[in-house]
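Asker: Got a structure for you, written out below as structure tokens; questions coming shortly.
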Amino acid sequence: MRQRHASRAPRRDREFEAFVAGAAGRLLHAATLLTAEAPDDNPRARRLLTLSLAHTYACWDRLRGEDPYDRTRQYLATRFARGTWHHCGGLGRARPHPVGPLAPLTPQERLILVLRLYEGVAEEQTAALLGLSVERVRAICHRATSTLLHRPREQAPAVTPAKAVPS
């Protein structure tokens, strides 16, 4: 029995490494959008991805035909949702101000927008994953896209006419 498990371990590791090589970039981008961090400075997104990949690796043998990308994305989303209840950090730690493109949105709006528009998850699946009604997911997604599309533009500096120089 022990020998059978030992022979499965290298194959399992190769399969998981191939999965990570193919999916980690997209999952990291999704995590970066969720945390609203800058793409080049995203420690919270990297931690979220690491925890999600570790969870997927731990249950790799139990996937039994299930898509590992879906499992990892699902864990990433639920982990992010739980983390927002704890304000994305321990007590007393200041949370950095988000700077990413989805920064004006609430964490719930970011989560639904990333799942629906970036990942292409159906409304029904998103609702089931988050424990919300389909109508609620639809309303939050609509509000989030409206917020992004109609946010106020920054004030442009006033243009002053050039003064004529006497000759």
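Asker: Mind checking which residues of region 112-140 are under 17 Å from Y69 (Cα atoms) and either polar (S, T, N, Q) or not in a helix (DSSP H, G or I) (or both)?
Answerer: The answer is E119, G120, V121, A122, Q125, T126.
Asker: Quick check: anything in region 122-134 closer than 26 Å to L48 by Cα and either exposed (fewer than 10 other Cβ atoms within 10 Å of the Cβ) or at pLDDT below 90 (or both)?
Answerer: Checked region 122-134: at least one residue is closer than 26 Å to L48 by Cα and either exposed (fewer than 10 other Cβ atoms within 10 Å of the Cβ) or at pLDDT below 90 (or both).
Asker: Further question on the same structure: Please state which of the following conditions V159 fails to meet, knowing it meets all the rest: (1) hydrophobic (A, V, I, L, M, F, W, C); (2) at pLDDT below 95; (3) under 21 Å from the mean Cα position of the chain (by Cα).
Answerer: Of the numbered conditions (1) hydrophobic (A, V, I, L, M, F, W, C); (2) at pLDDT below 95; (3) under 21 Å from the mean Cα position of the chain (by Cα), the odd one out for V159 is (3).
The values are calculated or read from the model by the stated rules, or taken from the named source; none is laboratory data. Source: prediction; values computed, not measured. Neighbour counts are summed over all protein chains in view; Cβ atoms, including those assigned to glycine, are modelled from backbone coordinates with ideal geometry.
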